[in-house]
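Remarks on the structure that follows.
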């Protein structure tokens, strides 16, 4: 990697200030950024570490019934502490990467990066969560804006993610055998007023809601409701590990399995 | 009762104590005073004319010691190839120059163009980014069949084409083979790909060059399976350094799998640069560099055909294979698809007529060379897939068809130039049927089906040639080396022994297994014996470790040297006991006079050898140290039968290995635990090849699987607990230990069983698929089932 300075603020306010420096970049768990730096694919002048900010860590149930997870909370903590209130999300967190990744990677880092094959964006979008930053709140539907692209402004930090808790939810993942990221994964969340389905790993545009499946499942929450629904492989990622057609097929299988796991 | 020492005991691996506690001494642990670091600027273009390499801006960067380009190596020799193949027309193969640093052209992504030596690796890398390289890109040649077409762009402009050689074997049999096909009752044809692999040893390659100006001595520390071979190849052919001024040390080495046999440019560079810079120069490969600079493995495209008579007897076999050499000839590359592959095409069967054609092709890819099994997995895979296909076409049981065609009498001279000394293929198949619990398969299949899964069972046999190799034979076949092995056994005054072996351990466990042999011969404790290897300064000239040869060849040399030691010790004992030499017996660490209670301990005899006060100095010299060189009279032929059981998810195409059983015949066994470990590791690599590993290039020659993000290695969770058995033992007839070698069997014997099982699972789901290429990824399975 190239040389850079490191700042480790202890409050969100100080972090925002530090990020105003030229070529500054936030560092959360570093599970994407550090390999990028090692490959010399990025040249920040300063890394602002968010891991010393205690107000950004932790899982709590808010008075409005939403589960609030600090942006700097590592996956392992979510896997353990969200289990009681939101087991579907805890299960997603428990299956990200490997133990080393789960002990370093954070929810804020994951959603801010919006890797098209990351797990969290599917959970966040299917839950209809709200992304809280140092300056505003953004609905998940408006947050994810395509592969590695989000609504975040320069220097804006994800401080918390607020999850409405569905009646039930399940994340089904089919892994890419080398990276163990999702080749395709679907998060199905059933609320009392409808079903949301978010898909990761599949689309050239990153995480997306499969609205046809949502409509069908909202009317009839059964595997049968999904029969005949098809996605277009043409807009799906096509690579060494799976063609667009195969990924489109897997979206159907993963969604169906999530539903079957919930009924 | 299991033994607790000597031959046949599962002694714990003594080397693991240091490996597992971080006390190993790997090449990267070696840091010399004044050491500088080199970073190689590598081509990101597969094929192009190298117009210029401008280092002027880089030279003034902080910390830069010296920058080298191809122009600095024009007076230096080509990286040599150790095997020359003669083609079916009697012509020798085309052999291009292989420069240390690219000169004139770049020929694969990853080829080193320039090398920056600097005070730190970071500075070297910074300076490398300031080097301006001007390359005019040329069309890349990637597909082998396209590469040999008229008018294809040439990888090497000074060669007549991209065809390295067109080998026919046995050329004299060709007409008879073709005739047998005309007369055949049934012909089965199969076209397949043996996928390109990256070896991925846990320890990447490292080289540290050192030069002593005061004495003119060079030292190279390197991650090698055969330091003497590197010393000879690099000293004599590349840098012109005589062996007595060049020491090569390969200390603890963290896995090789073949890819650390070869002499690489980086070794020659560090040795050369250490003198040019007058300071030690170190290179440590990054994992990314390893993907594009370690020799790759396999990469064959084959059409194979079997002719059968009306009674399902195999009557003839013929194959056409394209074998990828990559952009240059790596050290043993030409031998892999020929003598290590064609000679094994008989497999376990008495097919009377065989013809093998191999076209070796240059492409704009990383050089391809031996990888665990080297040619023998390619032979086994195509033959055992073909036999399975025969069985299904004929509607007969695949195991029965194999049994019917087994070779049953030994020695057996195959129609492909080798003679199997021993084997019992019926016994290993019987054992396999027992340990694989074939009888219980249908019940397990029903359980899978109840879960919506398909279950498949696949089997294959294998034969391999190990204990490489008789020197006079391989010399006739084009080897530019002898393939004997050496050992010096030094007995110390108080009775302990040090064995300096020409073999090299990079995980195999020589430090444990070799002492077991000597402990058995003398009747002393294994702890009294130490193994030294990996340093040309203190071991006799040896050929190193590959081709499952260490115990069969290196161990035999050690036995011969120990026999000389015992013979001399008996002379000393006879003097001490005042008895006739012929009456002296060695047992349990003591020499005794037959029929008496007179005896003298091993330690008293060894002490006498070094303190020769009461000693027959007029007859024998003091001291107790002997060297032996052992040249085998034949290959050894391990064989076996493997079975795989898979579960297939028809909705996703995902395949899991549920059971895997291996029944091997390795002849005599020194350490059963180490043998099991070798088989386990080999099967893991074979399953990796069959299901996951895929080194893929795009049509521009860019490596698509250049990191672990895209190159899928098998992990523990991908593998079942294996059932391995090596109780079927037909000892090798021509080496003193009766051993055959076990290092490669798992990797050779497992891929066809996996693929055969996957196809069986598909058939059980009503999908009759003739063939599916490795790696059998979920996408491929799904496409095959829905195509």
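The values are calculated or read from the model by the stated rules, or taken from the named source; none is laboratory data. These numbers come from a predicted model, not from an experiment. Every residue, glycine among them, receives a Cβ derived from its backbone with ideal geometry; neighbour counts consider all protein chains shown.
Restricting the search to helices (runs of 4 or more DSSP H) fully inside the stretch B:376-484 and requiring at least 1 residues that are closer than 20 Å to residue B:307 by Cβ and assigned by TED's automatic domain parsing to the domain that holds residue B:758 gives B:376-394, B:398-405. Taking the listed residues B:730, B:723, the one that is surrounded by fewer than 22 Cβ atoms within 10 Å (Cβ to Cβ), away from chain A (no Cβ under 14 Å) and over 22 Å from the mean Cα position of the chain (by Cα) is B:723, with no other qualifying.
Answer yes or no: is there a residue in the stretch A:33-47 that is farther than 22 Å from residue B:122 by Cβ and surrounded by 16 or more Cβ atoms within 10 Å (Cβ to Cβ). No - not one qualifying residue is present in the stretch A:33-47.
Conditions (1) farther than 30 Å from residue B:34 by Cβ; (2) more than 33 Å from the chain's Cα centre (by Cα); (3) buried (at least 17 other Cβ atoms within 10 Å of the Cβ), marked per residue:
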| site | (1), (2), (3) |
| --- | --- |
| B:75 | no, no, no |
| B:89 | yes, no, no |
| B:97 | yes, no, no |
| B:101 | no, no, yes |
| B:113 | no, no, yes |
| B:123 | no, yes, yes |
| B:128 | no, yes, yes |
| B:146 | yes, no, no |
| B:151 | yes, yes, no |
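If we keep just the residues of the stretch B:634-669 that are surrounded by fewer than 24 Cβ atoms within 10 Å (Cβ to Cβ) and within 30 Å of residue B:482 (Cβ to Cβ), which is nearest to the other protein chains (Cβ to nearest Cβ)? Filtering first and then ranking leaves B:668. Is one or more of the residues making up the stretch B:80-92 out of contact with any strand residue (DSSP E or B) (no Cβ under 7 Å at 6 or more places or on another chain) and farther than 22 Å from residue B:479 by Cα? No - not one qualifying residue is present in the stretch B:80-92. The condition of being surrounded by fewer than 19 Cβ atoms within 10 Å (Cβ to Cβ), within 29 Å of residue A:263 (Cα to Cα) and not assigned by TED's automatic domain parsing to the domain that holds residue A:31 holds for only one of A:172, A:139, that being A:139.
Okay, residues lined up against (1) in contact (Cβ under 8 Å) with a residue 60 or more places away in the chain; (2) surrounded by 15 or more Cβ atoms within 10 Å (Cβ to Cβ); (3) more than 30 Å from residue B:602 (Cβ to Cβ); (4) touching a helix residue (DSSP H, G or I) at 6+ places or on another chain (Cβ under 8 Å):
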| position | (1), (2), (3), (4) |
| --- | --- |
| B:415 | yes, yes, yes, yes |
| B:418 | yes, yes, yes, yes |
| B:429 | yes, yes, yes, yes |
| B:435 | yes, yes, yes, no |
| B:455 | yes, yes, yes, yes |
| B:462 | yes, yes, yes, yes |
| B:465 | yes, yes, yes, yes |
| B:487 | yes, yes, no, yes |
| B:495 | yes, yes, no, yes |
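Scanning the stretch A:17-32 for residues that are surrounded by fewer than 19 Cβ atoms within 10 Å (Cβ to Cβ) and either part of a helix (DSSP H, G or I) or assigned by TED's automatic domain parsing to the domain that holds residue A:117 (or both) yields one hit, A:17. Residues that are without any contact (Cβ under 8 Å) to a residue 24 or more places away in the chain and under 22 Å from residue B:674 (Cα atoms) do not occur anywhere in the stretch B:24-46.
Only one of the numbered conditions (1) surrounded by 19 or more Cβ atoms within 10 Å (Cβ to Cβ); (2) under 20 Å from the mean Cα position of the chain (by Cα) is violated by residue A:211, and that is (1).
When A:159, A:255 are checked against the criterion of being over 30 Å from residue A:14 (Cβ atoms) and in contact with a strand residue (DSSP E or B) (Cβ under 9 Å, 6 or more places away or on another chain), A:255 stands alone in meeting it. Scanning the stretch A:221-263 for residues being away from chain B (no Cβ under 13 Å), touching a residue at least 40 places away in the same chain (Cβ under 8 Å) and in a loop (DSSP other than H, G, I, E, B) gives a total of 5.
Looking at B:155, B:100, which one is at pLDDT 95 or above and more than 16 Å from residue B:363 (Cβ to Cβ)? When all the criteria are applied, what remains is B:100.
Looking only at the stretch B:659-682, which residues are within 20 Å of residue B:636 (Cβ to Cβ) and part of a helix (DSSP H, G or I)?
If the condition is that a residue be within 20 Å of residue B:636 (Cβ to Cβ) and part of a helix (DSSP H, G or I), then B:672, B:674, B:675, B:676, B:677, B:678, B:679, B:681, B:682 are the ones that fit.
Residues in the stretch B:232-245 include at least one that is touching a residue at least 40 places away in the same chain (Cβ under 8 Å), in contact with a helix residue (DSSP H, G or I) (Cβ under 8 Å, 6 or more places away or on another chain), assigned to a helix (DSSP H, G or I) and farther than 30 Å from residue B:18 by Cβ.
Per-residue answers, yes or no, for (1) in contact with a strand residue (DSSP E or B) (Cβ under 8 Å, 6 or more places away or on another chain); (2) crowded, with 17+ Cβ neighbours inside 10 Å; (3) not assigned by TED's automatic domain parsing to the domain that holds residue A:32:
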| position | (1), (2), (3) |
| --- | --- |
| A:72 | yes, yes, yes |
| A:76 | no, yes, yes |
| A:79 | no, yes, yes |
| A:84 | no, no, yes |
| A:88 | yes, yes, yes |
| A:91 | yes, yes, yes |
| A:96 | no, yes, yes |
| A:101 | no, no, yes |
| A:106 | yes, yes, yes |
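Note on the stretch B:738-757: among residues that are closer than 24 Å to residue B:446 by Cβ and touching a helix residue (DSSP H, G or I) at 6+ places or on another chain (Cβ under 7 Å), the one that is nearest to the other protein chains (Cβ to nearest Cβ) is B:754. Which residues, counting only those in the stretch B:688-709, are under 21 Å from the mean Cα position of the chain (by Cα) and away from chain A (no Cβ under 12 Å)? Matches in the stretch B:688-709: B:689, B:690. If we keep just the residues of the stretch B:698-707 that are in contact (Cβ under 8 Å) with a residue 60 or more places away in the chain and within 24 Å of residue B:654 (Cα to Cα), which is surrounded by the fewest Cβ atoms within 10 Å (Cβ to Cβ)? If we take residues in the stretch B:698-707 being in contact (Cβ under 8 Å) with a residue 60 or more places away in the chain and within 24 Å of residue B:654 (Cα to Cα), then B:707 is surrounded by the fewest Cβ atoms within 10 Å (Cβ to Cβ).
What do you reckon, is residue B:712 more than 14 Å from chain A (Cβ to nearest Cβ), surrounded by 23 or more Cβ atoms within 10 Å (Cβ to Cβ) and at pLDDT 95 or above?
no
Anything in the stretch A:92-105 that is out of contact with any helix residue (DSSP H, G or I) (no Cβ under 8 Å at 6 or more places or on another chain) and more than 21 Å from residue A:158 (Cα to Cα)? List them, or say none. Please lay out each step first, then the result.
Here is the first cut: in the stretch A:92-105, the residues out of contact with any helix residue (DSSP H, G or I) (no Cβ under 8 Å at 6 or more places or on another chain) are A:95, A:98, A:100, A:104.
Across the stretch A:92-105, the qualifying residues are A:95, A:98, A:100.
Restricting the stretch B:34-73 to residues that are touching a strand residue (DSSP E or B) at 6+ places or on another chain (Cβ under 6 Å) and under 20 Å from residue B:294 (Cα atoms), the residue that is surrounded by the most Cβ atoms within 10 Å (Cβ to Cβ) is B:38. For the stretch A:174-204, a tally of residues being more than 11 Å from every other protein chain (Cβ to nearest Cβ) and under 17 Å from the mean Cα position of the chain (by Cα) returns 15.
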